[in-house]
Structures are given as C-alpha cells and as structure tokens.
Amino acid sequence: MAAQPQQLLTRLTTRFQELPATRKMGLAAALAAAVALIVVLFLWSSAPEYRVLFSNLSDKDAGAVTAALQQMNVQHRTEASGTILVPANQVYDLRFRLAGQGLPQGGAVGFELMDSTRLGMTQFQEQVAYQRGLEGELSRTIQSLAPVESARVHLAIPKPSVFIRDRQRPSASVLVRLHAGRALDAGQVQSIVHLVSSSVPELTANSVTVVDQAGNLLTASGDAMGTRGLNSNQLDYTRQIEAYYAQRIEAIVKPIVGDGNVKAEVRADLDFSETEATSESYRPNPSPETQAIRSQQTVEDQQTGGGGPAQGVPGALTNQPPGPAAAPFETAPGANAGAAAGGQVLASSSQRRENTVNYELDKTIRHVREPVGRIKRLSVAVVVNYKNISGEQGEAPRPAPLPAEELAQINNLVREAMGYNQERGDTVNVVNAAFTEAAPGMEPPLWKDPDNIAMAKSLLKNLLVFGLAFYLVFGVLRPLLRDLVKEPQPVVAAPGELALGGVGGVDGQEGPETGAPVDSYGDALAKAREFAKSNPKVTADIVKEWMAKE
C-alpha cells in the first residue's frame, strides 16, 4: 500500500514524457489555469468586505485620515468625492480611534485659529479670527447630532456702538446637510436655535435661521409660531390627549367585542390661548342697618348765659378797652331793674350739632385666568369588528354584524368614556364593519431583514466559490490525471482500412489514422477471420496486394 503513491507518481511521469510536445504544453497550461483560478476564487472569497468610513471629505481631511490609517497599518481604499473605504469589521473601531485624534475636522476651523496669533495683528483681524473660530466650533457641535451630516454657521455680529439708537442686534444663519432619509424634528431644530443663540452675546432665538440642503426653512419667528401653528410641546400635548381618550374608549369596549376587534381614533381641538380677566362690580346702596360703618364723626357746640358774642358796629368806639372794675354793692331790687333797663343788658344762648357717618362700599373684584390647553371639542371615530357566529354542525364560524341594541350600548359607553358634551360640539361615530387588515404584531418577511440579507449574500458567495472549485477539481483536473495514469491499450486498425497499409494491433500501437483500440491480440485475429469469411473477394485483393509488395 505504501508503494502505490510512488508507482502512481512514476506512471504519471512516464505517461507525461510519452505525450507529444503540443499536448504537454496544453496539459500544463490547463493545469496552471485551473490552479490559478482556484487560488483567485479563494482569495476573492477570503478578501474583506469594504465599507464607507467617511464620505464627502475635503482634500485636507482626506489626506489627514489617509495618513492616520497608514500609521495604523489598516488596509483602505480611496475613491472620488473624498470617500474612504475600510474593512467592514473595522469601521466603527476606526471611527472612534480617529475621533479621538480629532479627525476628520469637517472642513471647519475652530478656536485653533487663535493658537497661531501673529505679532502685530490689528483688532479687526483678531475679531475676524474669533468669529471664524466661533463659527467653526458651532458647526462641529451641530454635526454631532445624528441626522446631521455637515453644518455651516454664519454669524452677523455688528460693530458695537456707544449710541443706543445705532445699536444692532446680532443674527445667525445655519445650513445643515442631512443624511439620506433622515430629518430634523421640531425639537431638534429648536435645540440648534438655542445652542447658537446661547453661544453669542445678545443673540436672541428669533434671530437664528436654520435651513437644510434643499432650501427648506426649518425655523419660524415667534409670532408665526403663535399664530400659524403649534410648537412641539403643544403638538405633543395634543397627541397625549388624543391617545389618552382613545385608550379609554378601547379599554371599555374590548371586554365586549374582544381584543383586536375595536379601533378608536380621537381628534382633539385644544385652546392654547392664555386669557386673563379682571372685573369690579358694585351693588345698589343697601339699608344702613346692613352696612358696615367705615368712619363716624360727631361735632357739638352749645353756648348759654349773659355773656353773648360781641355786638355793635365794628369800629373805634366798640374796640375800646374795658373800664376799671368796681366793687359790687347791694342795691334795691327796683334800682337793679332800673339799671338793667337803662343799660339794655339782654340774655342770649347758641347750640350746634353735626354728625357724619361713612359706610363701606359693597364692591366685588374678580380675577379669572383660563387654563392653557383646555378642550374645545372632541371628535371620536370607533370601528367595531363583526362578531363571529357559529353555524350549524360542521360549518365554520362566519362573521355577522352586531345587533342594533349592542351597537347602541357601545355608543353610549363611548360617550361616557370620552365625557361627551353637546354644548361644546363633540361628535361620536361608531361603525360596525368587518376587519380585513392583517393581524397586528406580524413580523416583517425574512427576506427584508438586513441581517438575513447579509447572511444570504455571504452564503451565496461561499457556495459559488465551492461550486467552481468542485468543477475545476472533478471536472478538469481529475479527467486529465486519470488519462495520464491509465495504462496503454493495444490498438488495431479497422478491417476496412487494412488495405491502406495500417498496422494491426499486434504491437499494441495506434494506427496512423484510426487508432481504434481492441482488448487483445486474439480479439483482433478473430475479427480479421470474420471479415475474411464475410468478404472473401476483398480479402483476396488485400493478400494479392501484400504479395505484390513483397
């Protein structure tokens, strides 16, 4: 058994040396081509799959990234438009490593401009360098958002003035290039606006404009947001209200019709306007008994006795000082009366009374502030599936519409769950129809799964390489080797060609023209005898020809 490989190799060498030169060259060429093709197929199958590392790079960034990849000894390819390809299994690792080195810079220059200040720079040049650096830093920050591929920021910073009337506020413009199939929602746009406005002194959010690569305006002024539409918070609150009522309706109807047999949609009209009202009202004057006294003032002035107030005509005579006092003495009653009558002395009295009462005013002050986001109107649409009714024996259940009484009950439940209010214009529409849509929660087809697609591509690639290699080995190389190791067979010329001087299969060589092989010398002799018996005339002619040559 151990000698068989040596014998096989010796037989192959001998057979190969006995072949003609042209056949040797053809066999060597076929063998070399088959081996080369097998090697190429295996190299192609084992070659790594390249994916995009970065695209749309500037010449400066592309050169920096290429130099970094060469230092890391990473295989890479460079294509047009600044695209760099690396092996698929190293894409994310290389992105992280290059990001740690600050690559790529995205074509924007940041505050590193301030590192190369020159002696003798003017104030204007310093201001321009600072503004360029600020724009570059803002561009890099905005590019860190997932949907943004690249961004450019333009700042319009006016020259400061000491006069208030000549002062101008800064403004900013942002151009974002989004990835294919990506978009910025309202919240992300507002975040970009506030990011830029917070980075520049005295820059308000209303002075920042954001535009995408298609020229679509992504921002609007504050007045437009208040009058033309709702902002992101208001839209989110509206969706929450609608989802809340839809969930309540489905939760109360599901126990009746079953899970998956009811669909509810709610449209809420909300009022986000802020309203404040202050009113002041007075009641008619009530009776004094029911009023509260605020303040009260009383004045009384009373005067009695002979000493009355000054009388007479004002003048020099009446303004004389009193005379000397005289001691009192007793007089007769008649004499006192006569003196009083002679002097005209009369008795006088005075009395005055004032009373002032102030009552509290009956006043009512009312301050009313309406809540923001109150419901103005609700519109509800509910679809209920048909009910499966079991048929007769042996028949499958068939769908049938709900009875009118049951549908009316569902309608009443929906009204109670949503808090139906006819005064504000609420509407409810309950429809009973057969569902034809697919069951919820179906998984996507297998052929649409990205992982399955990648696995199928790899499997087909390996099958193709294996199939070609199998064909080359068993369809090309094996027949060639089998012909070489096959032992030579004796050949004999065909009986009809003996007259042409063909050499028979006595020496086991092939005839010059036919080379039809036979099993042995006895078989060839038997065939010659059979031919001589069936064709005696031809045989005689051949013998005569041989004798004539002799």
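Let a ≥ b ≥ c be the square roots of the eigenvalues of the Cα gyration tensor of the range 131-214; is it rounded (a/c under 1.5), or, if not, prolate (a/b larger than b/c) or oblate? The shape class here is prolate. Counting charges near Arg352 (Lys, Arg +1; Asp, Glu -1) among other residues having Cβ under 15 Å from its Cβ returns a value of -2.
Kindly state, to the nearest 0.05, the FRET efficiency for Thr14 paired with Arg529, given R0 = 35 Å and r defined as their beta-carbon distance.
That gives a FRET efficiency of 0.50.
For Asp93, the accessible surface of its heavy atoms amounts to roughly 80 Å² (probe 1.4 Å, protein chains only, rounded to the nearest 10).
Can you sort Phe272, Phe470 by 1.4 Å-probe accessible area, starting with the largest?
On the way: Phe272 40, Phe470 110 Å².
Accessible-area ranking of Phe272, Phe470, largest first: Phe470, Phe272.
Listed by chain and number, the lysines whose alpha-carbon sits under 26 Å from that of Lys254, ignoring those within fewer than 8 places in the same chain, are Lys263, Lys387. Just for the range 127-282, what percent of DSSP beta bridges are antiparallel, to the closest 5? Antiparallel: roughly 65 percent of the beta bridges in the range 127-282.
Heavy-atom accessible area for Ser287, with the other protein chains in place and a 1.4 Å probe, reaches approximately 50 Å².
Add +1 for every Lys or Arg and -1 for every Asp or Glu among the other residues with Cβ under 12 Å from the Cβ of Glu274, and state the total. Present the calculation step by step, with values, prior to reporting the outcome.
On the way: positive: Arg369, Arg374; negative: Asp271, Glu276, Glu370.
Net of charged neighbours comes to -1.
Rounded to the nearest whole Hz, the Karplus-based 3J(HN,Hα) values (6.51 cos²θ - 1.76 cosθ + 1.60, θ = phi - 60°) of the range 62-76 follow the sequence 5, x, 5, 5, 5, 5, 5, 5, 5, 5, 7, 6, 9, 5, 8, with x at glycine and proline. Within the same chain, lysines fewer than 8 places from Lys24 are excluded, and of the rest, those with a Cα less than 22 Å from its Cα are Lys486. Amide H to amide H distances under 5 Å link Leu53 with Ile84, Leu85, Val86, where only residues 5 or more positions off or on other chains count and H is placed in the peptide plane. Taking all protein chains as shown and a probe of 1.4 angstrom, Met121 keeps an accessible surface of around 40 Å².
For Ser150, nonlocal amide neighbours, meaning residues 5 or more places apart or on other chains whose placed amide H falls under 5 Å from its own, are Arg177.
The values are calculated or read from the model by the stated rules, or taken from the named source; none is laboratory data. What you are looking at is a predicted structure, and each value in this text was computed from that prediction instead of being measured. A quick note on method: Cβ atoms are made from the backbone with ideal geometry, for glycine too, and the neighbour counts reach across all protein chains shown. Heads up: the accessible areas ignore ligands, DNA and RNA and are worked out on the full protein's heavy atoms, side chains in. Shrake-Rupley method; radii C 1.70, N 1.55, O 1.52, S 1.80 Å.
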